[in-house]
Structure formats: C-alpha cells, structure tokens
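The values are calculated or read from the model by the stated rules, or taken from the named source; none is laboratory data. The model shown is predicted, which means the values in this text are computed figures rather than measured ones. Glycine also receives a Cβ, built like all others from the backbone with ideal geometry; neighbour counts cover every protein chain displayed. Protein only, heavy atoms only, side chains kept; ligands, DNA and RNA dropped before computing areas. Shrake-Rupley method; radii C 1.70, N 1.55, O 1.52, S 1.80 Å.
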Amino acid sequence: MRYTVAVFPGDGIGVEVVAEARKIIDTVNKLTDVQLEIREGIAGGASIDRYGVPLTDENLQLALSADAVLLGAVGGPKWEPLDYSIRPERALLALRKELGLFANLRPARVFPQLLSASTLKEDVIKNIDLIVVRELTGGLYFATPKGVETLPDGRRKGVNTLAYTEDEIRRIAKIAFEIARQRRKKVTSVDKANVLEATELWRNVVEEVHKDYPDVELNHMYVDNCAMQLVRNPGQFDVILTCNMFGDILSDEASMLTGSIGMLPSASLGEKGGMYEPVHGSAPDIAGQDKANPIATILSVAMMYRYTFKQDKIAEAIEKAVEKALEDGYRTQDIYEEGTTVVGTKKMGDIIAANLENILKA
Ligand code: IPM
Ligand code: MG
C-alpha cells in the first residue's frame with residue numbers, strides 16, 4: 001500500500017520533533033508494506049519569512065492532495081507583532097478549515113513509568129485514560145461576526161462570536177459516541193448551558209444524538225466544573241466532548257495531568273484524510289537546543305497509522321516502542337526525574353526507532 005503524507009515541520013521545536021517522527025516513518029517504510037511517501041511543505045512563521053504569508057496556495061494544495069498531514073508546530077515571538085490575518089497560527093486554522101477537519105481527538109493517558117512526573121499525586125492520576133473530542137472548525141474560533149471595529153465615537157470594539165448550527169454539533173457528537181463505544185462507553189459533554197444559549201443548543205442536540213447510542217452513558221458538565229473535576233478526579237472521565245474554545249483549554253489542562261504536554265499527540269479528522277500534530281506548541285525557549293520531547297509527535301504518527309491508514313498493528317508497535325524507551329529509563333528533560341537518563345531530542349528519536357525496528361522484526 002502506498003500513501004502520501006504532507007509534512008509541515010513549521011517553527012521552533014516543530015522542526016526538531018518532526019525530524020524524529022520521520023525516523024519512525026522511515027522504519028515502518030523499511031520493514032512493512034505500508035509505504036508512506038513524504039512531501040515536505042512549509043507553513044507558519046517559516047512561510048511568512050519566505051513568502052510573506054503563513055500558508056501559500058501551493059502548500060495548501062499539497063495538504064489537500066495528500067492522504068494525511070503531519071504538522072510540527074507553528075508560531076513564535078518573532079511573528080507576534082504581525083496582524084492576526086497573517087500570523088503563523090493562521091496556517092493551522094486554514095489547514096483545519098480547508099481540509100474540513102472538524103473533529104480533534106486529544107487522548108491523555110498516563111504512562112506508568114511517568115506516574116511521578118505529574119504535579120498531582122499518584123493516586124489521583126493513576127487511572128487517567130481519557131480523550132478530549134474537540135470541535136475544531138466552528139464556534140468562537142470561526143463564527144462571524146468577528147474582528148476589531150471602531151465605533152462612531154472612536155472607541156474600538158473587539159468581537160468574536162460563539163455560534164453553532166445543529167448539524168455542526170450533531171456530527172462531532174456522533175464521533176464522540178462512536179469513540180466511546182470502543183472505549184469505556186461514557187461521554188461527558190461539556191458546555192456552559194446555564195449562561196450561553198449556543199451551548200444550551202449544544203446540550204440539547206447531544207441529547208438527541210445520544211438516542212442512537214443507548215449503550216453509551218452520557219452526562220453533562222459545565223466547563224468550570226469540568227476544569228475543577230479534571231484536577232480533582234480525572235479518572236472519572238472517558239470521552240470529553242466539547243466545543244472548540246473549551247476543548248482548547250481543557251486539553252492543555254488534561255495533558256499536564258499526565259506529566260508533560262510533551263507526551264500528548266492529536267488527530268484532527270474530517271470526511272477524509274486527517275492531520276496529526278503534537279498538542280504542544282513551538283516552544284521558542286528551547287528551540288534548536290536538542291531538548292524537545294519528540295514523543296508527542298511520534299505518538300501522533302501512531303494515530304495517523306491507526307485512523308487514516310487503518311494500520312492498528314503498526315500504531316501499537318509505535319506505542320510499544322515509546323513505552324520501551326521509558327521503561328529503559330530514557331527521558332527528555334521535561335519528564336526527567338532522579339534515577340533516569342536524560343537524552344536529547346535526537347537520541348530519544350533514535351532509541352524509539354531502534355525499539356520499533358526490533359518490534360516490527362519480531
Ligand atoms: C491548539 C493550539 C491552537 C489552537 C493555536 C496554535 C491556534 O493552541 O492546537 O490547541 O488554539 O487551536
Ligand atoms: Mg491549544
């Protein structure tokens with residue numbers, strides 16, 4: 001089987017972690033008949049520096065024509081003074097929108113080897129195995145009206161709109177229930193229905209969709225309570241279904257429970273294809289120093305084999321290769337603790353690729 005993958009390393013540590021993820025793809029190419037052809041593109045700050053825009057048409061076409069997209073991270077302080085319309089983050093938002101990737105899956109699970117790396121007590125986090133299903137192409141990020149305007153009296157007014165149509169809610173709710181069916185069969189839908197009408201509709205539509213999934217348990221939670229419950233008792237969650245803005249915030253929170261945001265992968269899915277990226281950003285403070293943790297990106301590659309290419313076995317092999325590296329005591333600095341061995345980005349990538357090679361050959 002042959003597929004194409006558009007790869008956008010992006011900015012900062014994005015470049016470094018994607019280089020390690022490519023070692024994983026190379027290993028799979030070498031040892032299996034699932035052949036991924038990499039087509040490298042340019043997006044984010046790197047594209048602004050070269051072309052003056054965060055994503056050129058040519059690069060968008062590259063993404064649209066590939067079977068899947070792998071992205072590192074975009075952004076950095078250098079581009080922060082720019083107008084919103086040409087900031088690096090726009091590249092990401094444009095890819096999500098143009099590829100129709102409305103479902104963002106962000107699993108958070110604790111690796112037993114990293115139990116003590118979390119800032120929370122071990123017995124609070126030991127049962128974490130949850131997935132945030134975040135709506136990705138609507139809500140506060142995209143709905144109109146939006147922008148900054150000047151009122152007749154000269155005052156400036158900034159506007160974003162929280163709006164959802166029922167079909168937008170329905171399709172993401174279906175994804176959440178389908179995923180729950182393959183897991184512990186529990187969906188927590190997160191809203192602010194006590195205050196925001198748009199999310200009251202969210203709640204009602206989720207209830208309607210739930211009728212088709214009677215085997216899945218559904219509960220609703222206000223977003224403020226959910227933020228609190230995530231640190232109080234994260235083990236209660238299986239699938240967290242929520243809108244774009246709340247999902248952005250809650251997924252960062254969920255990731256940190258597991259020890260490091262450097263561990264968390266994500267998949268963004270739509271009708272076809274998919275985009276895979278680490279949950280973390282471009283981390284300009286450690287960029288170019290061989291310090292970044294490549295595991296989130298490597299696990300994103302595992303998700304790519306699982307969701308887009310339907311290669312569960314390869315996905316599992318990659319996950320096992322990561323676990324083995326942790327078991328053998330290798331840590332990047334973000335997850336370091338006494339008694340373990342600190343390695344750089346490249347070394348971690350090499351170790352995981354070597355583990356994968358052994359697993360695939362076995
Ligand atoms: C994320 C990021 C993005 C978002 C930014 C970089 C646009 O925070 O993927 O969570 O807000 O969606
Ligand atoms: Mg975010």
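In table form, for the structure just shown:
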| quantity | calculated |
| --- | --- |
| Only listed residue being small (Gly, Ala, Ser) and within 16 Å of ligand 2 (Cβ to nearest atom), chosen from Gly75, Gly100, Gly41 | Gly75 |
| Residue list for region 342-354, filter: crowded, with 22+ Cβ neighbours inside 10 Å and more than 20 Å from the chain's Cα centre (by Cα) | Met348, Ile352, Ala353 |
| Filtered residues of region 326-341 (kept if open to solvent by less than 80 Å² (accessible area, probe 1.4 Å) and more than 22 Å from the chain's Cα centre (by Cα)) | Asp328, Gly329, Tyr330, Glu337, Thr340, Thr341 |
| Scope region 248-269; condition modelled with pLDDT under 90, of a type in the set (Ser, Thr, Tyr) and within 15 Å of ligand 1 (Cβ to nearest atom); matching residues | Ser255 |
| Leading residue by the ranking (surrounded by the fewest Cβ atoms within 10 Å (Cβ to Cβ)) among those in region 283-305 that are within 15 Å of ligand 2 (Cβ to nearest atom) and within 30 Å of Glu168 (Cα to Cα) | Ala296 |
| Of all residues making up region 239-269, the number that are small (Gly, Ala, Ser) and part of a loop (DSSP other than H, G, I, E, B) | 2 |
| Any chance Glu253 is in contact with a helix residue (DSSP H, G or I) (Cβ under 6 Å, 6 or more places away or on another chain) and within 13 Å of ligand 2 (Cβ to nearest atom) | yes |
| Of the criteria (1) touching a helix residue (DSSP H, G or I) at 6+ places or on another chain (Cβ under 6 Å); (2) part of a loop (DSSP other than H, G, I, E, B); (3) within 20 Å of Val69 (Cβ to Cβ); (4) more than 12 Å from ligand 1 (Cβ to nearest atom), which one Lys272 fails | (1) |
| Residues of region 145-162 classified as within 19 Å of Asp83 (Cα to Cα) and open to solvent by 80 Å² or more (accessible area, probe 1.4 Å), total | 8 |
| Selection within region 271-282 - more than 16 Å from ligand 2 (Cβ to nearest atom) and either among the hydrophobic types (A, V, I, L, M, F, W, C) or modelled with pLDDT of 95 or more (or both) | Gly274 |
